[in-house]
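Report on one structure; see the data block that follows.
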Amino acid sequence: MIRFLLNDTSVELERPAGELLLDTLRGPLRRTGVKQGCREGDCGACAVLIGELSGERLSYRAMPSCMMLLGHVEGRHVVTVEGLNPPAGLTPVQRVVAEEGATQCGFCTPGVVISLTSTLFGSTTASEAELLESAGGNICRCTGYMSFRRAARRLAADFGERPQDPVARLRELIQAGVIPPHFESAPAKLRKLRGASEGGDQPAGTTSSSADYGIAGGTDALVQRRVATHIDTPHFHHRPQGIDLIKMESGDCVLDASTTFEDLKRSETWRTIDSRAVRNMDLVASQLIRERATLGGNISNASPIADGVICLLALGTELELQGPTGSRQLPLAEFFLGYKLTALEEGEIIRRLRIPGGRRLRGFEKVSRRERLDIATVNSAACFELSGANFEGVTLSAGGVGPTPMLLKGAAAHLEGAAATPDRLRGALEIAQSEVQPISDVRGTAEYKRLLLRQLVLAHFVEALPDHGFEELCL
Ligand SMILES: Cc1cc2nc3c(=O)[nH]c(=O)nc-3n(C[C@H](O)[C@H](O)[C@H](O)COP(=O)(O)OP(=O)(O)OC[C@H]3O[C@@H](n4cnc5c(N)ncnc54)[C@H](O)[C@@H]3O)c2cc1C
Ligand code: FES
Ligand code: FES
């Protein structure tokens with residue numbers, strides 16, 4: 001039995017936990033405001049708001065329902081555009097979208113409204129940039145995106161500074177007609193559901209490792225199963241409730257494997273590791289996907305261009321793996337054994353990630369064919385400090401230039417302890433290009449990828465140390 005709150009109604013369904021949420025919403029639940037576009041997380045037409053109770057706090061995020069299974073919404077509040085509609089007329093978000101011409105055929109519009117509304121819930125500033133970023137995963141074939149920009153600008157002007165207290169924010173949104181009054185009773189309804197549910201607020205479905213298909217956020221697993229309408233006996237990698245997913249422990253930064261890219265973007269603790277976290281995370285997928293995409297999934301999927309992995313490699317991350325017979329530590333750099341081949345043993349999962357104290361990300365760069373919602377052709381990250389005039393603690397990582405994400409060990413060794421001069425960096429760039437084995441494919445020739453790598457590695461140093469004359473190395 002799966003229990004959740006759908007708009008203003010509690011729902012109990014005898015359906016498989018592995019059924020695609022999109023299909024359940026549009027099929028038996030007849031919430032056809034949720035549109036089916038790509039079924040692979042790319043268009044945002046299927047976006048819904050997911051409300052999650054953590055302690056006394058209920059927070060709402062926009063997520064793509066084609067990247068979620070029914071089991072993911074156990075004990076949660078699922079809001080479709082029907083659940084936002086007022087009895088008559090339009091909500092302020094819908095009105096602005098219509099008046100600014102950000103809707104024509106209307107197919108993308110419910111998803112756009114859901115994404116923009118999520119920012120009014122979640123942000124205390126609701127700036128034009130934040131509103132636009134929230135709709136970055138909503139593709140529109142008709143309007144052209146200037147109308148989206150105008151809509152975001154007007155909403156930012158109308159709502160702007162928001163109350164710090166989430167409850168006060170919610171009340172203000174109800175008063176302004178952005179959401180209907182039934183949202184106020186959602187926490188009590190969810191607590192009641194949680195009481196009735198055997199699994200508490202954890203995803204329904206099996207948690208045994210004998211299950212046939214592992215799934216965390218679902219943004220890799222479900223794309224690989226795109227044509228499937230459901231997954232048999234999914235094995236959910238749980239997102240623990242009521243604990244800090246990102247915290248400092250004995251000087252190290254420790255992250256739960258279920259940490260998402262949006263968790264990183266929002267975390268003040270993470271900002272001490274990556275001071276450019278907002279800019280860097282915005283280079284990954286779209287906000288809709290980042291709300292679901294976990295670091296555990298990013299690592300385990302073992303893509304040679306995984307953005308999270310590239311950052312974590314440079315940071316010297318150590319993995320805590322949990323298996324049927326106990327746990328073990330493994331440096332992330334030893335996790336990838338070959339193309340899509342990992343050191344995970346039967347029944348083992350990634351539980352936590354540990355970044356050694358004192359490590360700071362100094363650069364993350366990525367080139368892809370479009371700026372948003374695209375995987376990298378080549379990506380790279382860097383950590384280094386200056387001790388006087390010399391480099392120290394240098395690590396460089398790169399993706400898309402070999403069968404696995406990799407450390408550029410030769411280039412880093414060339415810089416370690418050496419004077420931070422353009423000449424020294426020139427030598428490191430040459431070594432970096434010689435220690436990779438890119439292949440020519442649809443994303444570019446091997447030669448092009450080598451050149452990209454050089455430029456990305458150089459960019460770390462130009463950005464982080466603007467007064468060292470490294471620009472002279474730019475081609
Ligand atoms: C539209 C779109 C755009 C994307 N853009 C990017 C991008 O720009 N950059 C990027 O790097 N990626 C991108 N991705 C890929 C994907 O979002 C990430 O790799 C994401 O981090 C995967 O995490 P997940 O939780 O969704 O994994 P899932 O799909 O849930 O799982 C993937 C695999 O990892 C396993 N797994 C998950 N958690 C664990 C764990 N704790 N221990 C062991 N195994 C585990 C699962 O069993 C499964 O085999 C994109 C995906 C989509 C759909
Ligand atoms: S249908 Fe395109 S993102 Fe879900
Ligand atoms: S209005 Fe037609 S797809 Fe956006």
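Once the 1.4 Å probe is applied to the protein heavy atoms, the chain comes out at 41 Å² accessible per residue.
Would you compute, from DSSP H runs of 4+ residues alone, the mean residue ellipticity of the chain at 222 nm, taking -39500 (n - 2.57) per run and dividing by the full residue count, rounded to the nearest 500? Can you show the working numbers first?
Details: 17 runs with 148 residues, N = 475.
It comes out at -8500 deg cm²/dmol, rounded to the nearest 500.
Its Cα gyration tensor gives segment 2-196 an equivalent ellipsoid; the semi-axes, largest first and in whole Å, are 25, 21, 13.
Assigning unit charges at the beta carbon (Lys, Arg +1; Asp, Glu -1) and nothing else, what dipole magnitude in debye, to the nearest 20, does the chain show about its Cα centre?
Numbers: 53 positive and 58 negative charges, 211 e Å.
About 1020 debye.
Using the Karplus relation 6.51 cos²θ - 1.76 cosθ + 1.60 with θ = phi - 60°, the per-residue 3J(HN,Hα) values for segment 387-401 come to 10, x, 9, 10, 6, 8, x, 7, 9, 10, 10, 8, x, x, 10 Hz, with x marking Gly and Pro. Using +1 at the C-beta of Lys and Arg and -1 at the C-beta of Asp and Glu, which of 420, 5, 322 has the Cα lying farthest in the positive direction of the dipole of the chain? Most positive-ward Cα: 5.
The string of couplings for segment 293-304 from the Karplus curve (6.51, -1.76, 1.60, θ = phi - 60°) is 6, 9, 5, x, x, 4, 6, 5, 5, 6, 6, x Hz, one whole number per residue in order, with x for Gly and Pro.
Using a 1.4 Å probe on the protein heavy atoms, what percent of the accessible area of the chain belongs to carbon and sulfur? Numbers along the way, then the final one.
Working: 9930 of 19670 Å².
Looking at the chain in its full context, I get 50 percent from C and S.
In angstrom, the C-alpha Rg and Dmax of segment 367-473 are 13.7, 44.
At a threshold of 8 angstrom on Cα-Cα distance, excluding pairs fewer than six apart, so keeping six or more, what relative contact order does the chain reach in percent? The partial results should precede the final answer.
Values: 1004 pairs, mean separation 54.7, N = 475.
Reported relative contact order: 12 percent.
Assuming 1.306 mPa s and 10 °C, estimate D for segment 1-78 with Stokes-Einstein, Rh taken as the Kirkwood radius over Cα pairs, in µm²/s. Once the numbers are plugged in, D ends up at 126 µm²/s. Pairwise Cα separations in the chain fall into 10 Å bins from 0 onward with the following percentages, short to long: 4, 20, 28, 26, 16, 6, 1. 3J(HN,Hα) couplings calculated from phi for segment 127-136 with the Karplus curve 6.51 cos²θ - 1.76 cosθ + 1.60 (θ = phi - 60°) are, in sequence order, 7, 4, 5, 5, 5, 5, 4, 5, 9, x Hz; Gly and Pro show x.
Here's the thing: no lysines lie within a cross-link span of residue 192, going by alpha-carbon distance under 16 Å and ignoring same-chain residues fewer than 8 apart. Residues whose amide H lies under 5 Å from that of residue 253, counting only those 5 or more places away or on a different chain, are 355, 357; hydrogens are built 1.01 Å from N in the peptide plane.
What number do you get for segment 246-355 when its Cα radius of gyration is normalised by 2.2 N^0.38 Å, N = residues?
1.03
The values are calculated or read from the model by the stated rules, or taken from the named source; none is laboratory data. As the structure is a prediction and not an experimental result, all values here were calculated from the model. All Cβ positions, even for glycine, are placed from backbone atoms using ideal geometry, and neighbour counts span all protein chains on display. In case anyone asks, the SASA skips ligands and DNA or RNA and just uses the protein heavy atoms, side chains included. Shrake-Rupley method; radii C 1.70, N 1.55, O 1.52, S 1.80 Å.
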